[in-house]
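S.K.: Please find one structure pasted underneath; my questions will follow.
The values are calculated or read from the model by the stated rules, or taken from the named source; none is laboratory data. Computed from a predicted structure; not experimentally measured. Cβ sites come from the backbone with ideal geometry, for glycine too, and all protein chains shown count toward neighbours. Protein only, heavy atoms only, side chains kept; ligands, DNA and RNA dropped before computing areas. Shrake-Rupley method; radii C 1.70, N 1.55, O 1.52, S 1.80 Å.
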Amino acid sequence: MKLVSYLSMFLIPLVIFYIIVYALLMKKPVFELFLKGAKQGLITVAEIAPSIIGLLVAVGIFRSSGALDLICKGLASLKGILPFPIEVIPLAILKMFSSSGANALLFDIYRSYGTDSYIGFTASLLLCCTETLFYTISIYFTSVQIKKTRWVIPAGIFLALVSLILSAWVAQVFIS
Amino acid sequence: MLNYVWSILILTGIVIAAITGNIENMSQGILTSAKDAVDLLILMAGVISMWSGFLKIAEESGLTSYLSEKMKPLLHFLFPNIPRNHIANDYICANFIANILGLGWACTPTGLQAMKALKQLECERQDTASDEMCTFLILNISSLQLIPMNMIAYRSQYGSPAPMAVIAPGLITTALTTIIAIILCRIMCKRS
């Protein structure tokens, strides 16, 4: 277990080290290339900035309105029928839009149910296996001026649901 | 579609806040989230520029094309319509590696470069996503990752007796969702 955290601590430096050594062996002007790339990177951030602001404001409105609590209450009668704990539904919804929002909610879940309870563990797994659907779509597609997203959104929502069911199932197997 | 999702979030939020009496709370929330977005962007500007710089080095030194050469069978299986030596393969490969290693924001510049390359392949269909773009995006959000470092850190922060207990089940779940994602993309590409 120590080894795992040791390895992953070294991962980023190792990747950077490898890239530089490889380029030096190929006799490339590493620093000049870095500057060129970093400049492009800054332009990229400027390009995606409007999407991020627009999305985070919308998520902020939705979160502070109490809509997620309302959804949770509305689904309370389905408790035990669904193949996953209803407490993680708001988490699954929020994770489609914003990582930081989902993390804040995850910490609430950890505080109220514990990290290794059925609910806490399902929440942990859920955030491991899903990515922010709408955030990714809006950054990736707006950067290349794509407006018609075709089947991406339905497929992404379907996958989020699958992840929810699988997380709850795997959590149950591993906890018992 | 994104237009609708965005409007629904804002409009239902405001209506619900009005009904539940959360309006004051929300007015604060709107301003805070705009400010938080900029805080996030400042952090992103540094990290993404850094990774873009290293990516450029890896690209010009031939490292990315070397790696995508190795991953060719997999890339060709996932994206049968991308010509074999197209630059899009290199960026997709770099993006997948960044995802699997859990390099966080290194995924964004590689992903955006991949999207641009895919767009070039697809210049006749101006504003419509191609099969490759959809597949690439769906695979990205199924987020295959070897070690969920952030999750382990959060769990230990919140007093988990075994923060790392999430690694094996996490790997199983993301592997399963990624397999399902690949099958789903296959079906959707065939249908259209």
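S.K.: Which whole-number value in Å² is the accessible area per residue of chain A, probe 1.4 Å?
M.R.: Numbers: 8380 Å² over 176 residues.
Normalised by residue count, the accessible surface of chain A is 48 Å².
S.K.: Threshold 20 Å², probe 1.4 Å: give the residues of region B:176-190, in number order, that are less accessible with all protein chains present than with their chain alone.
M.R.: B:L176, B:T177, B:I180, B:L184, B:M188
S.K.: If you filter region B:77-150 for GluC sites (Glu not before Pro), then keep DSSP loop positions with at most 13 other Cβ within 10 Å, what is left? List each step's numbers first, then the result.
M.R.: Details: sites: B:E122, B:E124, B:E132; in loops: B:E122, B:E124.
Those satisfying the criteria are B:E124.
S.K.: For region A:48-175, what log10 I(q)/I(0) values come out of the Debye formula at q = 0.18, 0.19 1/Å, with one point per alpha carbon and no solvent?
M.R.: -1.01, -1.10
S.K.: Given the C-alpha centroids of region B:118-162 and region B:17-42, what is the distance between them in whole angstrom?
M.R.: With region B:118-162 and region B:17-42 each reduced to a Cα centre, they are spaced 27 Å.
S.K.: Averaged across B:35-46, how many Cβ atoms of other chains sit within 10 Å of each residue's Cβ atom? Don't skip to the end; give the middle numbers.
M.R.: Working: counts 3, 8, 13, 4, 1, 7, 7, 1, 0, 6, 6, 4.
Per residue, the number of nearby Cβ atoms from other chains is 5 on average.
S.K.: Counting only other chains, and only Cβ atoms inside 10 Å, what mean value do you get across the residues of A:16-27? It would help to have the intermediate numbers written out before the result.
M.R.: Details: counts 6, 0, 3, 10, 4, 2, 6, 9, 2, 1, 5, 1.
Shielding by partners across A:16-27 averages 4.
S.K.: So how strong a dipole does region B:4-93 carry about its Cα centre when Lys and Arg Cβ are +1 and Asp and Glu Cβ are -1, to the nearest 20 debye? Walk me through the numbers on the way to the answer.
M.R.: On the way: 5 positive and 7 negative charges, 58 e Å.
So the dipole magnitude of region B:4-93 works out to roughly 280 debye.
S.K.: Would you be so kind as to identify which of B:L2, B:N89, B:M44 lies farthest towards the positive end of the dipole of chain B, taking Lys and Arg as +1 and Asp and Glu as -1 on Cβ and the Cα centre as origin?
M.R.: B:N89
S.K.: If one takes the longest principal axis of the Cα atoms in chain B, at what angle in degrees, from 0 to 90 and to the nearest 10, does the Cα axis of helix B:2-20 lie?
M.R.: Helix B:2-20 sits at roughly 20 degrees to that axis.
S.K.: Below 8 Å between Cα atoms, with a sequence gap of 6+, how large is the relative contact order for chain A in percent?
M.R.: Working: 111 pairs, mean separation 37.2, N = 176.
21 percent.
S.K.: Once you charge only the Cβ atoms, +1 for Lys and Arg and -1 for Asp and Glu, what is the size of the charge dipole of the protein assembly as shown about its Cα centre, to the nearest 20 debye?
M.R.: Working: 25 positive and 19 negative charges, 104 e Å.
It works out to roughly 500 debye.
S.K.: Also: Report the Rg/Rh value for the protein assembly as shown, based on alpha-carbon coordinates and the Kirkwood definition of Rh. Walk me through the numbers before you get to the answer.
M.R.: On the way: Rg = 20.6 Å, Rh = 21.4 Å.
Ratio value, two decimals: 0.96.
S.K.: Please find, in a Gaussian network model of chain A (springs between Cα atoms separated by less than 10 Å), the residue of A:I19, A:I146, A:I48 whose mean-square fluctuation is greatest.
M.R.: Checking each option, the largest mean-square fluctuation is seen for A:I19.
S.K.: Now a separate question. For region A:48-175, what is the charge dipole size about the Cα centre, in debye to the nearest 20, if Lys and Arg each add +1 at the Cβ and Asp and Glu each add -1 at the Cβ? Spell out each step's value before the answer.
M.R.: Working: 8 positive and 5 negative charges, 81 e Å.
Taking the Cα centre of region A:48-175 as origin, the dipole is about 380 debye.
S.K.: At 1.4 Å probe size, with the rest of the protein present, what percent of the exposed accessible area of chain B is carbon and sulfur atoms? Could the numbers behind the result be given before it?
M.R.: Working: 5900 of 8890 Å².
Carbon plus sulfur share of accessible area: 66 percent.
S.K.: On a full-extension model of 0.36 nm per residue, what is the gain between B:I23 and B:I42, subtracting their alpha-carbon distance, rounded to one decimal in nm?
M.R.: Numbers: separation 19, 0.36 × 19 = 6.84 nm, distance 2.91 nm.
3.9 nm is the gain from fully extending B:I23 to B:I42.
S.K.: I'd like the accessible area for A:R111: 1.4 Å probe, protein heavy atoms, all chains in place, Å² to the nearest 10.
M.R.: Roll a 1.4 Å probe over it and A:R111 shows about 150 Å².
S.K.: Just tell me, in residue order, which DSSP H segments of chain A are both 20 angstrom or longer along the helix axis (alpha-carbon based) and at least 0.0 in mean Kyte-Doolittle hydropathy. Please report the intermediate quantities before stating the final value.
M.R.: Details: long enough: A:2-25 (33 Å, 2.15); A:30-64 (46 Å, 1.30); A:99-113 (21 Å, 0.11); A:152-175 (33 Å, 2.28).
Span-like helices in chain A: A:2-25, A:30-64, A:99-113, A:152-175.
S.K.: Further question on the same structure: For the pair A:K73/A:I12, report the inter-label distance in nm, with labels modelled 7 Å from Cα in the Cβ direction.
M.R.: 4.2 nm
S.K.: Counting only other chains, and only Cβ atoms inside 10 Å, what mean value do you get across the residues of A:100-113? Please list the in-between numbers first.
M.R.: Working: counts 5, 2, 0, 3, 0, 0, 4, 3, 0, 1, 6, 2, 0, 0.
That average works out to 2.
S.K.: Mind checking the per residue accessible area of region B:38-191 for me, 1.4 Å probe, whole number of Å²? List each step's numbers first, then the result.
M.R.: Details: 6320 Å² over 154 residues.
Accessible area per residue: 41 Å².
S.K.: Can you check what the net charge comes to around B:S49, using other residues whose Cβ is under 13 Å from the Cβ of B:S49 (Lys, Arg +1; Asp, Glu -1)? Before the final figure, lay out each step's value.
M.R.: On the way: positive: A:K36, A:K39, B:K56; negative: A:E47.
For residues surrounding B:S49, the net value is +2.
S.K.: Put +1 on the Cβ of every Lys and Arg and -1 on every Asp and Glu Cβ in chain A; which of A:F97, A:F84, A:L35 then has its Cα farthest towards the positive end of the dipole?
M.R.: Farthest towards the positive end: A:L35.
S.K.: Okay, next question. Whole percent per 5 Å bin, from 0 to the bin with the longest distance: what is P(r) over all C-alpha pairs of region B:1-114?
M.R.: Bin by bin from 0 Å, the calculated values are 2, 10, 15, 14, 12, 10, 10, 10, 8, 5, 4, 1.
S.K.: Could you name every residue in region B:111-144 that has 40 Å² or more less accessible surface in the full protein assembly than in its own chain alone (probe 1.4 Å, ligands and nucleic acids excluded)?
M.R.: SASA drop of 40 Å² or more in region B:111-144: B:L112, B:M115, B:K116, B:K119, B:D127, B:T128, B:A129, B:C134, B:L137, B:I138, B:I141, B:S143.
S.K.: Between helix B:131-141 and chain B, what is the angle of the helix's C-alpha long axis to the longest principal axis, kept within 0 to 90° and rounded to the nearest 10?
M.R.: Rounded to the nearest ten degrees, it is 50.
S.K.: Evaluate the Debye formula for chain B with equal point scatterers sitting on the alpha carbons, no solvent, and hand back log10 of I(q)/I(0) at q = 0.11, 0.18 Å⁻¹, in q order, two decimals.
M.R.: Values, matching the q order: -0.69, -1.29.
S.K.: Please identify every one of the trypsin sites (Lys or Arg not before Pro) in region A:118-167 that sits in a loop by DSSP and has no more than 16 other beta carbons within 10 Å of its own beta carbon. If you can, show how the numbers build up before the last one.
M.R.: Numbers: sites: A:K147, A:K148, A:R150; in loops: A:K147, A:R150.
Counting only loop positions with at most 16 other Cβ atoms within 10 Å, the trypsin sites (Lys or Arg not before Pro) in region A:118-167 are A:K147.
S.K.: Please report the buried accessible area for the interface of B with A, total over both chains, probe 1.4 Å, in Å² to the nearest 100.
M.R.: Numbers: alone 13050 and 12540 Å², together 17270 Å².
So the total buried area for this chain pair works out to about 8300 Å².
S.K.: Could you put B:F77, B:F54 in order of accessible surface area, largest first, with the 1.4 Å probe and the full protein assembly present? Numbers along the way, then the final one.
M.R.: Working: B:F77 105, B:F54 25 Å².
Order by accessible area, largest first: B:F77, B:F54.
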